[in-house]
Amino acid sequence: MMAKTGQGAAVSKKARRKNRRNGTKNVHRPAELKSPWDYGADGLANRAGLARERVADIDGTGTIKRARRVDMLEQWHKRGLLSVAAYGVAEKLRNAYEVTQRMPATDYQRPTVDSSPKPDHAIAIQTDRISRYHAISQHISANDWPLVERMVLDGAGPEPLGYRGPVAVKQALARLDLVLSGISDAI
């Protein structure tokens with residue numbers, strides 16, 4: 001038996017029989033979107049770090065919006081929750097941390113011989129990267145380190161550290177601002 005094509009192909013036999021009895025016709029409707037613009041997946045993990053913003057107004061009927069991944073430090077700075085000094089220190093600390101993550105991995109299964117004329121040069125580069133990160137991070141106390149690590153290095157909110165609710169989050173941002181602006185002179 002050949003598969004049926006055309007309008008009734010997606011409708012089951014049972015539905016066709018029922019519609020013949022009732023005298024109705026199967027109507028195929030296109031899927032409706034929540035909004036005219038697609039913002040991607042809507043799950044909680046996918047929305048982390050996303051900001052929806054207006055881009056343009058083309059013909060006066062409405063605005064075009066987009067969703068883009070944003071840096072939380074930048075957002076907090078734009079909202080006035082982080083001072084200029086604290087934002088500068090946070091960017092320096094995060095950039096120094098990210099550079100340390102770019103070090104090449106060592107494969108101990110396959111030993112290699114470095115035949116370059118200056119074999120210690122790669123080690124000197126790695127040491128410089130780590131020392132820049134250490135120079136900034138040594139000014140942060142052990143009590144403040146979890147907050148700085150979570151909000152600056154991970155780029156996430158302070159909620160898992162016990163700051164629940166909007167008032168507590170603002171308190172955490174004020175504490176972060178105080179810590180980072182305090183070490184801005186030392187750097």
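Every number in this text was worked out from the coordinates using simple rules, so none of it is lab data. From a predicted model like this one, the values you see are computed outputs, not experimental measurements. So basically every Cβ, Gly included, is an ideal-geometry build from the backbone, and we count neighbours across all protein chains shown.
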Item to complete: Work through the residues other than A45 whose Cβ is under 15 Å from its Cβ and net out their charges, Lys, Arg +1 and Asp, Glu -1.
Response: -1
Worksheet item: What ranking do 88-99, 46-57 get when scored by the average of other Cβ atoms within 10 Å per residue, highest first?
Response: 88-99, 46-57
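At a Förster radius of 35 Å, what calculated FRET efficiency corresponds to the Cβ-Cβ distance of R52 and N143, to the nearest 0.05?
The computed FRET efficiency comes out at 0.45.
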Response to the item:
The answer for the net charge of residues other than G80 whose Cβ lies under 13 angstrom from its Cβ, with Lys and Arg +1 and Asp and Glu -1, is +1
Item to complete: Return the sequence-ordered ³J(HN,Hα) values of the range 80-86 in whole Hz as given by the Karplus equation 6.51 cos²θ - 1.76 cosθ + 1.60 applied to θ = phi - 60°, using x for Gly and Pro.
Response: x, 7, 10, 6, 5, 5, 5
Practice prompt. Return the distance in nm (one decimal) between the two label points of a simple spin-label model at E74 and D154, each offset 7 Å from Cα along Cα→Cβ.
Written response: 2.2
Worksheet item: How much FRET efficiency would the formula 1/(1 + (r/R0)^6) give for A124 and K65, where r is the Cβ-Cβ distance and R0 is 41 Å, rounded to 0.05?
Response: 0.25
